[in-house]
1. I'd like to check one number: the per residue accessible area of segment 344-423, probe 1.4 Å, reported in Å² as a whole number.
2. Longer than 18 Å from Cα to Cα, which of Lys177/Lys495; Lys353/Lys495; Lys177/Lys341; Lys341/Lys491 are they? Say none if no pair is.
3. Could you tell me the extents of segment 217-259's C-alpha atoms along the three principal axes, largest first, rounded to whole Å?
4. Among Phe323, Tyr297, Val366, whose Cα projects farthest towards the positive end of the dipole of segment 292-409, with charges put on the beta-carbon of Lys, Arg (+1) and Asp, Glu (-1)?
5. Can you run the Rg to Rh ratio on segment 337-381? Use alpha carbon positions and the Kirkwood inverse-distance Rh.
6. How many Å³ per residue does the convex hull of the Cα positions in segment 323-482 occupy?
7. Cα convex hull of segment 159-309: how many Å³ per residue?
8. Quick one: accessible area per residue over segment 252-293, 1.4 Å probe, rounded to a whole number of Å²?
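The values are calculated or read from the model by the stated rules, or taken from the named source; none is laboratory data. As the structure is a prediction and not an experimental result, all values here were calculated from the model. FYI the Cβ positions are ideal-geometry reconstructions off the backbone, even for glycines, and counts take in every protein chain you see. Accessible surface is based on the protein model in full, side chains and every heavy atom, while ligands, DNA and RNA are left aside. Shrake-Rupley method; radii C 1.70, N 1.55, O 1.52, S 1.80 Å.
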Amino acid sequence: MEERPETELISIPATPRGVSTPEIQTPTGQRSPRPASKEAKSSTAWTPTSFISPRFLSPIGTPMKRVLINMKGYLEEVGHLTKLNPQDAWLPITESRNGNAHYAAFHNLNAGVGFQALVLPVAFAFLGWREEKRKKPEYTSGLVLAHSHASWKNLTNVFDLLAVGLIDKLHEAVPGKRYNRYVELAQAAFGERLGVWLALFPTVYLSAGTATALILIGGETMKLFFQIVCGPLCSSNPLTTVEWYLVFTSLCIVLSQLPNLNSIAGLSLVGAVTAITYSTMVWVLSVSQQRPPTISYEPMSLPSFSASVFSVLNALGIVAFAFRGHNLVLEIQATMPSTFKHPAHVPMWRGAKVAYFFIALCLFPVAIGGYWAYGNLMPSGGILNALYGFHSHDIPRGLLAMTFLLVVFNCLSSFQIYSMPVFDSFEAGYTSRTNRPCSIWVRSGFRVFYGFVSFFIGVALPFLSSLAGLLGGLTLPVTFAYPCFMWVLIKKPTKYSFNWYFNWILGWLGIAFSLAFSIGGVWSTVNNGLKLKFFKPPN
């Protein structure tokens with residue numbers, strides 16, 4: 001009897017391990033068992049191409065092989081067979097998915113460096129920096145405090161980057177699903193209701209609250225810029241602070257008409273460049289001038305030990321407030337295409353690392369150089385107000401005006417990226433009810449409404465930007481705690497393993513820091529006399 005050639009069939013899908021393989025009818029009529037391949041035995045994860053075998057049994061397998069190989073390449077290019085929500089194509093965050101690592105760096109840097117960097121030297125005022133001179137000038141106890149402050153900023157920066165890495169990996173942690181917004185990821189980890197309650201307030205504040213604070217900072221900086229440029233030629237009836245808030249808000253509303261997050265990449269580039277430039281100019285100009293004669297680096301004299309503890313906690317809360325922007329990580333990553341061969345977390349992580357390198361280069365010199373230049377005379381508004389108050393007549397007007405103008409440009413750019421999640425929420429509510437995308441008039445109406453609501457809140461609560469310590473404590477879980485908890489609940493690492501312990505410990509440390517810094521911020525507000533003047537912005 002003539003021997004038939006040995007052949008093999010494709011199995012769709014592969015037979016699970018431990019299940020007996022039935023006999024298979026071949027095209028020639030012979031019945032033979034299908035042995036399990038080594039690849040099937042060793043495979044533990046399903047991929048979109050795992051059911052395609054490179055070898056075929058039938059003589060007609062050659063053209064079919066080409067078809068299936070092409071299908072394999074297509075699936076590797078198209079992605080993870082992700083189920084896309086059609087509504088996402090109508091919303092500002094997910095409307096365009098052509099982002100890349102450069103866009104990620106621009107957005108993260110624009111969100112990470114801003115007005116909060118200017119108040120970092122204020123934290124030193126609570127810690128002190130005693131300067132003791134002996135035979136040779138030596139910094140003793142003050143240097144210890146300075147190193148402690150710098151070490152906390154180092155630790156915060158490391159935790160910050162670690163949290164960004166966790167969120168980056170959780171974006172596509174579940175096969176077939178992309179979590180495009182922070183609240184969506186919180187709902188997946190903590191549950192539908194609890195996730196909303198835990199994540200909604202801090203993310204809303206970080207978006208809407210930061211936008212309001214930017215109006216305050218931007219309007220006041222525009223006023224100072226006008227005073228520097230105009231000088232003695234200013235008219236007898238200059239614009240009031242509220243009117244400058246309105247001018248700045250109007251500019252923000254005009255720029256907010258850009259449709260989606262990818263379309264503001266150019267603005268984020270402008271914001272990133274201006275942030276690096278004015279941060280460098282501010283501390284260089286400060287340390288290059290002669291220090292005020294009454295300067296002191298002594299710690300604040302407080303009546304009790306508990307008051308000293310609360311003041312230190314408030315200072316650390318100010319540092320924590322400087323490292324914010326985590327509510328935008330998923331939104332930025334959602335603008336990138338993601339395929340099986342090129343997942344979105346790779347360019348996102350590459351851009352984030354570059355951004356946080358420059359963020360560290362901006363924040364550290366401003367904090368240390370600013371306090372060295374002004375000491376306990378540092379105003380609560382930060383180093384920019386100190387530079388204008390002490391050296392407005394010592395620095396050339398053109399150079400000083402350029403510094404303030406760069407701050408204005410940065411505030412305009414930062415307003416756009418922090419407001420985009422709010423725009424997305426407005427349009428998501430509209431499209432879910434009408435089942436159609438927003439027209440250009442509806443979209444513009446939402447953004448004009450949001451801009452003037454932020455303006456109204458800024459006028460009603462002009463003290464908002466001075467509560468950095470309290471607000472840093474309240475929003476700290478978004479930065480340090482929630483990413484660790486969400487990693488454990490979604491990724492489910494082996495119980496009592498290193499990753500399990502590491503993330504649980506870091507998460508609960510973040511909660512403890514949040515409570516401590518919030519208490520310190522409340523104490524600082526009460527100790528300063530609760531100067532909460534509603535509807536009374538500075539003149």
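1. Working: 2730 Å² over 80 residues.
Solvent-accessible surface per residue comes out at 34 Å².
2. On the way: Lys177/Lys495 25 Å; Lys353/Lys495 30 Å; Lys177/Lys341 16 Å; Lys341/Lys491 21 Å.
Over 18 Å apart, Cα to Cα: Lys177/Lys495; Lys353/Lys495; Lys341/Lys491.
3. That works out to 42, 17, 16 Å along the principal axes.
4. Phe323
5. On the way: Rg = 18.3 Å, Rh = 13.3 Å.
Answer for segment 337-381: 1.37.
6. Values: hull volume 31.1 nm³, N = 160.
Looking at segment 323-482, the number lands at 194 Å³ per residue.
7. Working: hull volume 38.6 nm³, N = 151.
Cα convex hull per residue, to the nearest whole number: 256 Å³.
8. Working: 1680 Å² over 42 residues.
Result: 40 Å² of accessible area for each residue.
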